[in-house]
Amino acid sequence: MYIYQIMSNNFGYIDIILLGMIAGFIILRLRNILGRKTGHEPKIYPGFTEKKFNVPNNNIKSFKENYEKLEGQEKKEFLRGAEIAYETILTSFAKGDNKKLKSLLTPDMASNFEQAIEARNKENIKSEFTFIGVKESSVEKYERIKNELFASVKFVSEVISVKKDKDNKIIEGNPDKIKQVTDYWKFTKNILKKGPNWYLSEIVSK
């Protein structure tokens, strides 16, 4: 019995040693395949590559808008905005909306429109206005004077305009007739001020 116990203990020690050797062998193999981690490995982001953007100072050019000309896409966008402003100003004037007008006019023009609305109200004249649409718009003249830009635009539009007195009697216009109107408006913009907005500065009589 004693001998059996000794042999059993010996076999137990042998098993432990064999298992330890096998474990050591596996660890060595894994190190050879995967390598050792030192703690200074670079971070790897799947799908990205490390790039360095070093732009020499002499190659940096600041963007400067060309204020000397109005052409191409900029001209198309300007006319589109001018048409919207034209319709908004006409309809706002008919309604007597000074707040809306001030956002689209220079201070002098805003004052002129406000005085015209006040005079109309004093005479109890009602303005009924329907804007049909712009048939044609074109830039007649474009120029830069110091820091101010000026663009004169010709509008050909169709409207229905009627004025009535305090007794609701028509004193001007025809509610059943579409009238074709041609206007020449001058818009201005200060290049030193932020924002793309142009403002109506003058209504030219021709």
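The values are calculated or read from the model by the stated rules, or taken from the named source; none is laboratory data. This one's a predicted model, so the numbers in the text were calculated from it and none came from an experiment. When we count neighbours, we look across all protein chains shown, and the Cβ atoms used for this are built from the backbone with ideal geometry, even at glycine.
Within the stretch 66-117, being within 18 Å of L149 (Cα to Cα), among the polar types (S, T, N, Q) and in a helix (DSSP H, G or I) holds for one residue alone: Q73.
Answer with yes or no whether V159 is over 27 Å from the mean Cα position of the chain (by Cα) and either modelled with pLDDT under 95 or not β-branched (V, I, T) (or both).
It is false that V159 is over 27 Å from the mean Cα position of the chain (by Cα) and either modelled with pLDDT under 95 or not β-branched (V, I, T) (or both).
Checking the structure you have, find out if any residue of the stretch 83-98 is at pLDDT 95 or above and more than 27 Å from I178 (Cβ to Cβ). Yes, the conditions are met somewhere in the stretch 83-98.
So in the stretch 130-155, with the set limited to residues that are touching a strand residue (DSSP E or B) at 6+ places or on another chain (Cβ under 8 Å), under 22 Å from Y199 (Cα atoms) and among the hydrophobic types (A, V, I, L, M, F, W, C), which one is surrounded by the most Cβ atoms within 10 Å (Cβ to Cβ)? Spell out how you get there, then give the answer.
Residues of the stretch 130-155 touching a strand residue (DSSP E or B) at 6+ places or on another chain (Cβ under 8 Å): 130-144, 147-155.
Remaining after also requiring under 22 Å from Y199 (Cα atoms): 131, 133-144, 147-155.
Within this subset, residues satisfying the condition of being among the hydrophobic types (A, V, I, L, M, F, W, C) are 131, 134, 139, 149-151, 153, 155.
Numbers: F131: 16, V134: 16, V139: 16, L149: 18, F150: 16, A151: 21, V153: 24, F155: 20.
Step by step, filter the stretch 130-155, then rank; the result is V153.
Within the stretch 184-201, the set of residues being surrounded by 16 or more Cβ atoms within 10 Å (Cβ to Cβ) and either touching a Leu at 6+ places or on another chain (Cβ under 7 Å) or not in a loop (DSSP other than H, G, I, E, B) (or both) comprises W185, K186, F187, T188, K189, Y199, L200, S201.
Every test in (1) more than 30 Å from the chain's Cα centre (by Cα); (2) aliphatic (A, V, I, L, M); (3) surrounded by 13 or more Cβ atoms within 10 Å (Cβ to Cβ) is passed by L101 save one, and that test is (1).
Condition check for R120 on (1) in a strand (DSSP E or B); (2) surrounded by 12 or more Cβ atoms within 10 Å (Cβ to Cβ): one failure, at (1).
This table checks each residue for (1) touching a residue at least 60 places away in the same chain (Cβ under 8 Å); (2) farther than 30 Å from E71 by Cα.
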{"site": "T88", "(1), (2)": "no, no"}
{"site": "K99", "(1), (2)": "no, yes"}
{"site": "P107", "(1), (2)": "no, no"}
{"site": "E114", "(1), (2)": "no, yes"}
{"site": "K146", "(1), (2)": "no, no"}
{"site": "V153", "(1), (2)": "yes, no"}
{"site": "V159", "(1), (2)": "yes, no"}
{"site": "K169", "(1), (2)": "no, yes"}
